[in-house]
1. Among the residues of segment 201-217, is there at least one that is modelled with pLDDT under 95 and farther than 26 Å from Gly169 by Cβ?
2. Collect the residues in segment 19-62 that are more than 17 Å from the chain's Cα centre (by Cα), touching a residue at least 24 places away in the same chain (Cβ under 8 Å) and in a strand (DSSP E or B), keeping them in residue-number order.
3. Among the numbered criteria (1) within 27 Å of Ala186 (Cβ to Cβ); (2) without any contact (Cβ under 8 Å) to a residue 12 or more places away in the chain, which single criterion is violated by Leu108?
4. Just one of (1) touching a helix residue (DSSP H, G or I) at 6+ places or on another chain (Cβ under 6 Å); (2) surrounded by fewer than 24 Cβ atoms within 10 Å (Cβ to Cβ); (3) not hydrophobic (A, V, I, L, M, F, W, C) trips up Arg216, so point out which.
5. Of the residues Leu74, Leu121, which is at negative phi and in a helix (DSSP H, G or I)?
6. Within segment 227-246, count every residue that is out of contact with any helix residue (DSSP H, G or I) (no Cβ under 7 Å at 6 or more places or on another chain), under 26 Å from Gly283 (Cα atoms) and assigned to a helix (DSSP H, G or I).
7. Among the residues of segment 183-226, count how many are part of a helix (DSSP H, G or I) and within 14 Å of Ile334 (Cβ to Cβ).
8. What's the number of the condition Gln164 fails, among (1) under 17 Å from the mean Cα position of the chain (by Cα); (2) at pLDDT 95 or above?
Amino acid sequence: MRSLHKGKQSILLEHQPSILASYSVVGKKEGQGPLHSYFDLVSQDTKFAQSSWEKAESQMQLLCLQGVLNKAELSPSQIDMVYAGDLLNQCISTSFCLRGTDIPVYGLYGACSTMAESLSLAAMAVSAGFGEKVIAMTSSHFASAERQYRFPLVYGGQRTPTAQWTVTGSGAIVLAPDGAGPYIQAITTGKIVDKGIKDANNMGAAMAPAAYDTIRAHLEDLSLTPTDYDLIVTGDLGSLGKQIVLDLFQQEGVDIGSVYDDCGCMIYDLKGQDVHAGGSGCGCSAAVLCGYLLPQMIKGVYQKILFCGTGALLSPVSTQQGESIPSVCHAVSISAGRS
């Protein structure tokens, strides 16, 4: 068998899967940001007509699943498997969303890197012939994340300037062996990187070194330069983490500024909306990718994107025990055409 593994961390997909459809759902605050017109569904009810924030997130993810199936003109019975996860303990948003659908599921936890992780695994499954129709999906909700990781909203805690706002959003993608594209070309699997950051309100700084490590590995493994991409986008470091990535590359004499952005900076108006350092959460990069970036590729605005999902792998218990924050970043190369 011919090896498709390149360098230390990357994989070139021999049979590049096609993205049949993508769908995005966001909440009211996200619908007030600069990308408001690109999302498929903007809900003015952040509870999505449910009795709790956790049920709201599950309902939001279900709406996203139904939306992407409708776009792809598929029924649940035609889906071979779903790779999905969220931020909540035991991935309850995902499991409660998918119960009753009768779709085989792999539950994932990669924190805010989950969209890139699910897309990587879904692409490998389709490329290898393990599935004909496979979905990658994730979600996050501001209020459910606050309850789990920080304080209930009624506590009214003061947010630090480095804190990020967890996006209420969900994104889903259907992959298949053939189609009009865009196409998944390559994957770089991230390593756990931990530079000793312990401040759970400064996750951009904790995740930035992992983003830098994976982007650099991707370029080295595949003998590429930053300008081989129209856009290298991380998700989601916010304004502080984004600057750290730029600085880390600059220290090596590499300027990626002309092709680099971050989903946490794109989804909100950082000056006009009170989100401090920007957006975060599984739904941040998922909604930006599914609602904005992929449709822009179809329109011809971008020909090639490196989508780099970043995740801070902390828990409330590890934070309370004084542990530092391990982080990971997975990169997915997406192209308008097959190479």
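The values are calculated or read from the model by the stated rules, or taken from the named source; none is laboratory data. These numbers come from a predicted model, not from an experiment. Glycine gets a Cβ as well: all are built from the backbone with ideal geometry, and neighbour counts include every protein chain shown.
1. No, segment 201-217 contains no residue that is modelled with pLDDT under 95 and farther than 26 Å from Gly169 by Cβ.
2. Passing the criteria: Leu20, Leu41.
3. (2)
4. Just one mismatch for Arg216, condition (1).
5. On the way: Leu74 fails: in a helix (DSSP H, G or I).
Step by step, each of Leu74, Leu121 is checked, and only Leu121 is at negative phi and in a helix (DSSP H, G or I).
6. Going through segment 227-246, the residues out of contact with any helix residue (DSSP H, G or I) (no Cβ under 7 Å at 6 or more places or on another chain) turn out to be 227-231, 243, 246.
Okay, now just the ones that are also under 26 Å from Gly283 (Cα atoms), so 229-231, 243, 246.
With the extra rule that they be assigned to a helix (DSSP H, G or I), the set shrinks to 243, 246.
Within segment 227-246, residues that are out of contact with any helix residue (DSSP H, G or I) (no Cβ under 7 Å at 6 or more places or on another chain), under 26 Å from Gly283 (Cα atoms) and assigned to a helix (DSSP H, G or I) number 2.
7. At the first step, the residues of segment 183-226 found to be part of a helix (DSSP H, G or I) are 203-221, 226.
Now drop any that are not within 14 Å of Ile334 (Cβ to Cβ), which leaves 218.
Summing the residues that are part of a helix (DSSP H, G or I) and within 14 Å of Ile334 (Cβ to Cβ) in segment 183-226 gives 1.
8. The failed condition is (2).
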